[in-house]
Amino acid sequence: MNGEPEIVRNFLLKTLLLQGWEKRIDRFKLGEGAMPASFKVLKDPKRGVDKLVADFGESAIGRVAPVDSGFWWIIILRAYTKSTGDMTLAETPMCQKGIRLIMNQCLAEGFDTFPTLLCADGCCMIDRRMGVYGYPIEIQALFFMALRCALLMLKPDAEGKEIMERIVTRLTALSYHMRSYFWLDFQQLNDIYRFKTEEYSHTAVNKFNVNPESIPDWLFDFMPTRGGYFVGNVSPARMDFRWFALGNCVAILASLATPDQAAAIMDLIEERWEDLVGEMPVKICYPAIEGHEWQIVTGCDPKNTRWSYHNGGSWPVLLWLLTAACIKTGRLKIARRAIDLAEARLARDGWPEYYDGKLGRYIGKQARKLQTWSIAGYLVAKMMVEDPSHLGMISLEEEKPTKPVLRRSASWTG
């Protein structure tokens, strides 16, 4: 956006070099495609040079490898390509190999019966135990977007063509699965409420055997008649009904959400503004878990207490994603309202990492100040509103279904 693509190019190339490192946690070797969660720049005073030290999960809380890093790398490479019009970086053998390694790792065949990606808890922005294990919406939305970006950048050569075919197959299955089973609105909630359980065979309506008694009480009042969202997680006999901001915003940007679903997500944000935005955009998830449930789900995590950090805390960095989703759906009024809220406090408060409280009124109890991503989230949001054409870097339009080629039968005589 700032006309400094060399910085982005250098970042993409440096992090790609880190992908080639041998990745070990204790005696176990991680997959070749894994990208680091973070890296440090260490100075070597003897040799007078800087060196990068990557963390692939071996230093993380809980020792969880990041699933999202590789997806973000592909998304940023596509943003660079779209912004500069320069395809040469993406087409280098090094970048092509990087994309293929990431794709191979997440398209590997296993015992899955779903097209969604199975993950451990704490493998994404929510990097501590928060009950997001299984098939979290954040990962599925980023996975979908990365698949689409990879398809646009892979070369259909001997090595790329086979992966491209696998991507197309996976995208078809993934979009159907997410739009059918993760989507929740008033009608779908009413249907789940009336579900029968213990249904066998392919005729089952309640395919995941979700027990209606597992619907939390808060959801009945929270769900407006107008609006909807992708739920946090769907797996056998388990539906996490929590709202997660990042996953829903990325679903809009990647066109995982249909136009009607994207509009419904915006309607929900508008209808439930106090719950999902409050006084500081944007709440990472809603609602917070507390009491006995907090003890069980988080393992009594002192950082993720109710309405704090990843447990219902408010994260200014998410402002840019909300703004981008607003621009794509033509709801600029929502974006401006959120930006106005952030402007009233962010600079004055010293650009904190996150805010606490049900309305996000308080600077987070362990929030660090002068956070680069809090500042960047605000700047990107402002620049996008001032020039909405920037959205093209990070947004993908819905793919139109291609009509099958009609061929005449050999027996057709005219």
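At pLDDT 95 or above, out of contact with any Lys or Arg (no Cβ under 9 Å at 6 or more places or on another chain) and not aliphatic (A, V, I, L, M), is that true of Tyr309? For Tyr309, the condition - at pLDDT 95 or above, out of contact with any Lys or Arg (no Cβ under 9 Å at 6 or more places or on another chain) and not aliphatic (A, V, I, L, M) - is not met. Provide a single number: the residues in segment 77-129 that are closer than 29 Å to Asn2 by Cα, among the acidic types (Asp, Glu) and either touching a Cys at 6+ places or on another chain (Cβ under 9 Å) or open to solvent by less than 60 Å² (accessible area, probe 1.4 Å) (or both). So the answer is 1. The set of residues in segment 206-242 that are more than 19 Å from Arg272 (Cα to Cα) and hydroxyl-bearing (Ser, Thr, Tyr) comprises Ser214, Ser235. The single condition among (1) on the phi < 0 side of the Ramachandran plot; (2) in contact (Cβ under 8 Å) with a residue 24 or more places away in the chain that Gly357 does not meet is (1).
Conditions tested, residue by residue: (1) small (Gly, Ala, Ser); (2) farther than 30 Å from Lys82 by Cα; (3) outside any loop (DSSP other than H, G, I, E, B); (4) without any contact (Cβ under 8 Å) to a residue 60 or more places away in the chain.
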{"position": "Glu343", "(1), (2), (3), (4)": "no, no, yes, yes"}
{"position": "Gln366", "(1), (2), (3), (4)": "no, yes, no, no"}
{"position": "Lys369", "(1), (2), (3), (4)": "no, yes, no, yes"}
{"position": "Trp373", "(1), (2), (3), (4)": "no, no, yes, yes"}
{"position": "Gly377", "(1), (2), (3), (4)": "yes, no, yes, no"}
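If the condition is being at pLDDT 95 or above, open to solvent by 10 Å² or more (accessible area, probe 1.4 Å) and of a type outside the set (Lys, Arg), then segment 158-173 contributes Glu162, Met164, Glu165, Val168, Thr169, Leu171, Thr172, Ala173. Restricting to segment 5-25, name every residue that is in contact (Cβ under 8 Å) with a residue 12 or more places away in the chain, assigned to a helix (DSSP H, G or I) and not hydrophobic (A, V, I, L, M, F, W, C). Of everything in segment 5-25, those that are in contact (Cβ under 8 Å) with a residue 12 or more places away in the chain, assigned to a helix (DSSP H, G or I) and not hydrophobic (A, V, I, L, M, F, W, C) turn out to be Pro5, Arg9, Lys14, Thr15, Gln19. Of the residues Ala338, Ala367, the single one that is in contact with a helix residue (DSSP H, G or I) (Cβ under 7 Å, 6 or more places away or on another chain) and surrounded by 13 or more Cβ atoms within 10 Å (Cβ to Cβ) is Ala338. Scanning segment 292-306 for any residue that is polar (S, T, N, Q) and in a helix (DSSP H, G or I) turns up at least one such residue.
The values are calculated or read from the model by the stated rules, or taken from the named source; none is laboratory data. Just so it is clear, the model here is predicted, and its values are computed rather than measured. Positions of Cβ are backbone-derived with ideal geometry, glycine not excepted, and every protein chain shown enters the neighbour counts. All accessible areas refer to the heavy atoms of the entire protein, side chains included, with ligands and DNA or RNA removed. Shrake-Rupley method; radii C 1.70, N 1.55, O 1.52, S 1.80 Å.
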